[in-house]
Amino acid sequence: MSEIKVVTNILQTNDEITAKNKKILDEKGIYVINLMSSPGSGKTSLLERIIAKLKNDINIAVIEGDIYTTKDAQRIEAQGVPVIQINTGGACHLDAEMIKGALNSLSLDKVDLLVIENVGNLVCPAEFEIGEDIKISVLSTTEGNDKPLKYPLMFEKSGAIILNKLDLIEFTDFDKKEFYKDIKSLNANADTFETSCVKNQGIDEICSWLMSKMKNKKISIKN
Amino acid sequence: MHEVSIIQNVIKIVIDKATENKFTKVNKVSLKIGELSAVMPESLNFAFKSCIMDTMLEGSTLEIEKVKAVAECSDCTQEFPIDHFNKLCPCCNKFSSSIISGYELYINTIEGD
């Protein structure tokens, strides 16, 4: 019997495809968001509001990840932007290979912003890079302020964290002070936003923040 | 349960490496897993046992070594142990996002004949 040193990253294949995805997207100057949260926290609703606000100024495309159904893709399609649905058929997260396939089906030439809505799940999607510029996680007030500590990886790896369903906070025991304290201990550098899709609140702030992120990427790629 | 996808990747890499080294059978696979990763050793073991059937890894054992999480302070360059909820430099009390180890997911060694 003999032993060999392997020292190989288990997600090597995923990381190689991620690098290829990123190259394609960077060459086109597309800003890419990996949008993550548990099911039902309002990713698609937020996306609808953001698209409605920005679609006259920029070109947006969306990749929708779900285990089954095209329900979310239909909602995005109704906003009049190109959308590709990925059905993972059971898998709890999107990976780089699935995104590679979706990129082949999208016409990327005029796209400024690509939003990849991951499978609703607070754990697994955080482990897989897919070619994004930023991970954004959404938490809704009805889920409780303890979730960042219970599911730390996603909040730790996110560049921005959105607290959604602010209109419902008065009906819950959500403690905003605790929430921000926990977020700070996990990830002091994340940008934070508060939104209510029902009241269309906080959407303008996210949109102007996104516009500056997109602009910065286009400038950094030109240089 | 992304542990199944992770184990499927492990098996693929192990078979490639074992074949390269002219092994006909793999007896042991050793992984290094960072303590900040969201991977459960119990789930990895369960997925491993199920997925190695009918492969050259069948009957092999899985060894998982945890890797400690360490960050470096951007001010004083000191390295210090961290966890998910505490990444403050013990000297400067400054939050560090420069994480040196803790997210590892890699195959360290394999043993075979």
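Each value in this text was obtained by applying a stated rule to the coordinates, not by laboratory testing. On a predicted model such as this, the values are computed, not experimentally measured, just so you know. Glycine gets a Cβ as well: all are built from the backbone with ideal geometry, and neighbour counts include every protein chain shown.
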Original post:
In this structure, is B:I64 in a strand (DSSP E or B) and among the β-branched types (V, I, T)?
Top reply: yes
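What helices (runs of 4 or more DSSP H) completely inside the range A:109-223 contain at least 2 residues that are farther than 27 Å from A:H93 by Cα and in contact (Cβ under 8 Å) with a residue 60 or more places away in the chain? So that I can check it myself, show each step before the final result.
Values: elements: A:147-150, A:152-157, A:176-186, A:203-222.
Because the criterion is at least 2 residues that are farther than 27 Å from A:H93 by Cα and in contact (Cβ under 8 Å) with a residue 60 or more places away in the chain, the helices (runs of 4 or more DSSP H) in the range A:109-223 that meet it are A:203-222.
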Subject >> In the range A:67-108, the residues that are in a loop (DSSP other than H, G, I, E, B), aliphatic (A, V, I, L, M) and in contact with a helix residue (DSSP H, G or I) (Cβ under 6 Å, 6 or more places away or on another chain) >> reply: A:V81
Original post:
In the range B:14-54, which residues are within 17 Å of the chain's Cα centre (by Cα), outside any helix (DSSP H, G or I) and not small (G, A, S)?
Top reply: B:K28, B:V29, B:L31, B:K32, B:I33, B:E35, B:L36, B:V39, B:M40
Original post:
Would you pick out the residues in the range A:1-57 that are β-branched (V, I, T) and crowded, with 18+ Cβ neighbours inside 10 Å?
Top reply: A:V6, A:I10, A:I17, A:T18, A:I30, A:V32, A:I33, A:T44, A:I50, A:I51
Original post:
Which number in (1) surrounded by fewer than 23 Cβ atoms within 10 Å (Cβ to Cβ); (2) within 14 Å of chain B (Cβ to nearest Cβ) marks the one condition that A:G101 misses?
Top reply: (2)
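Would a scan of the range B:42-59 turn up a residue that is out of contact with any Gly (no Cβ under 7 Å at 6 or more places or on another chain), over 26 Å from A:T88 (Cβ atoms) and either crowded, with 20+ Cβ neighbours inside 10 Å or aromatic (F, W, Y) (or both)? Write out each step before concluding.
Taking the range B:42-59 as the starting set, the residues that turn out to be out of contact with any Gly (no Cβ under 7 Å at 6 or more places or on another chain) are B:42-59.
Filter once more, keeping what is over 26 Å from A:T88 (Cβ atoms): B:56, B:58-59.
If we keep only those that are either crowded, with 20+ Cβ neighbours inside 10 Å or aromatic (F, W, Y) (or both) as well, we get none.
No: the range B:42-59 contains no residue that is out of contact with any Gly (no Cβ under 7 Å at 6 or more places or on another chain), over 26 Å from A:T88 (Cβ atoms) and either crowded, with 20+ Cβ neighbours inside 10 Å or aromatic (F, W, Y) (or both).
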Original post:
Of the residues in the range A:25-66, how many are within 21 Å of A:N216 (Cα to Cα), in contact with a Lys or Arg (Cβ under 6 Å, 6 or more places away or on another chain) and in a strand (DSSP E or B)?
Top reply: 3
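One line per residue, one yes/no per condition, for (1) more than 12 Å from chain B (Cβ to nearest Cβ); (2) under 26 Å from A:I10 (Cα atoms):
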| position | (1), (2) |
| --- | --- |
| A:G65 | yes, yes |
| A:C92 | no, yes |
| A:S105 | yes, no |
| A:I136 | yes, yes |
Original post:
Looking at (1) of a type in the set (S, T, N, Q); (2) surrounded by fewer than 15 Cβ atoms within 10 Å (Cβ to Cβ); (3) more than 7 Å from chain A (Cβ to nearest Cβ), which is the one condition that is false for B:N21?
Top reply: (3)
